[in-house]
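The values are calculated or read from the model by the stated rules, or taken from the named source; none is laboratory data. Predicted model only: the values in this text are computed from it and were never measured. Glycine gets a Cβ as well: all are built from the backbone with ideal geometry, and neighbour counts include every protein chain shown.
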Amino acid sequence: MSLPYKTTEEVRQTFLGHFLKHDHQLIEQSGIIPRNDPTLMFINSGMAPLKPYFTGQATPPYPRLTNVQDCIRFVDVESVGDSYHGTNFRMMGSWSFGDYFKERAIELAFELITEGFGIPAERLSATVFMADESLPGVPSDEESARIWEKFLPRERIIGRPPADNFWGPAGTSGPCGPCTEVFFDRGEEFAERKTDDVLVPGRHIEIWNAGVFMQYFKDEQGNFSPLPMKCVDTGAGLERFAMILQGRASIHEIDQYEPSYQLINQRIGDTAWTRIILDHLKTSILMIREGIVPSNTREGYLLRRALRRAMIGVFL
Ligand code: SER
């Protein structure tokens, strides 16, 4: 069953409009290079430039914020070429700083996905934090599970260990906490890998980290301390939502990228390499426009690597 079509720009406007309607303030996105944060090489999430608001070092302009932030993440570089991984993406984000917490965050997420985007609840699952010995002292998030039960059947509310459902910090230290993620079921034809898990990679795609419940600060030594206030940090990939609502084969083939995708694909003829080339060129442009030049270290090395891999693809 196809979903209501939205252009990428309409997806962006729908997300921001929802949070503005619910009394959030729109803030400018920041550049891709972190300021005053040596723990992080690139802005990797909407919350990264807002770290001082979580720790109480700075006061947010309003307790509820929203924006769309360009991000670079190299952790997924080996997966680029599949349908939904990239080294760059735009993160649609919303935040509550000491204002609402789990219940309102989950309500706002469910309302936007089902009413704002018209995605049927039958195609959604949610994961919640499930404690284990890898993170002593952080209890399972029964509260979020109970809140999700208002919207989803119990079998589609799935407990996940810290490796999956404890987010952050962005960088080596900073705010972090247990999270709840929403997955969209693309259908049986997308069951790309066999697995015993309820959520099948390639078929069930994470579309929204619908709440990191920021409660801890992790320091450089790995110690956790409570944050001065409880906060919510959400992040959803604009390209993933657009892919789903446009029925496209990948995040690289959404309306805004299609002309570039076609241009490359006509020459390369290989789907995975077309996606890699397009992704890596976009990441390189994001870096170059902020003054990074190819080099042997840090950001410059990653730029060199991205450009080199894109060129290998072209000359294969
Ligand atoms: N910081 C969280 C993430 O990146 C939610 O935005 O997934």
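Computed quantities for the displayed model
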read-out	value
Yes/no for Pro120 being closer than 27 Å to Leu3 by Cα, modelled with pLDDT of 95 or more and surrounded by fewer than 20 Cβ atoms within 10 Å (Cβ to Cβ)	yes
Condition check for Phe101: in contact with a helix residue (DSSP H, G or I) (Cβ under 8 Å, 6 or more places away or on another chain) and closer than 21 Å to Glu181 by Cβ	no
Checklist (1) within 22 Å of Ala170 (Cα to Cα); (2) modelled with pLDDT of 95 or more; (3) surrounded by 14 or more Cβ atoms within 10 Å (Cβ to Cβ) applied to Thr39, failing item	(2)
The stretch 197-212, residues that are assigned to a strand (DSSP E or B) and more than 16 Å from the ligand (Cβ to nearest atom)	His204
Answer residue from the stretch 220-272, given it is within 16 Å of the ligand (Cβ to nearest atom) and part of a helix (DSSP H, G or I) and is nearest to Met47 (Cα to Cα) among those	Leu238
Matching option when the condition is within 16 Å of the ligand (Cβ to nearest atom) and acidic (Asp, Glu), among Asp82, Asp70, Asp99, Asp23	Asp70
Top-ranked residue in the stretch 140-181 [being in a loop (DSSP other than H, G, I, E, B) and within 14 Å of the ligand (Cβ to nearest atom); ranked as surrounded by the fewest Cβ atoms within 10 Å (Cβ to Cβ)]	Gly171
Given (1) within 19 Å of the chain's Cα centre (by Cα); (2) within 30 Å of Thr59 (Cβ to Cβ); (3) touching a residue at least 40 places away in the same chain (Cβ under 8 Å), index of the condition His204 fails	(2)
Any hit, the stretch 66-73, residues being surrounded by fewer than 21 Cβ atoms within 10 Å (Cβ to Cβ), modelled with pLDDT of 95 or more, assigned to a loop (DSSP other than H, G, I, E, B) and within 19 Å of the chain's Cα centre (by Cα)	yes
Test set (1) closer than 30 Å to Arg309 by Cα; (2) more than 15 Å from the chain's Cα centre (by Cα); (3) surrounded by fewer than 17 Cβ atoms within 10 Å (Cβ to Cβ) - Glu28 fails condition number	(1)
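One line per residue, one yes/no per condition, for (1) without any contact (Cβ under 8 Å) to a residue 12 or more places away in the chain; (2) farther than 30 Å from Leu303 by Cα; (3) not small (Gly, Ala, Ser):
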residue	(1), (2), (3)
Ile27	no, no, yes
Asp37	no, no, yes
Gly46	no, no, no
Pro61	no, yes, yes
Arg73	no, no, yes
Gly86	no, no, no
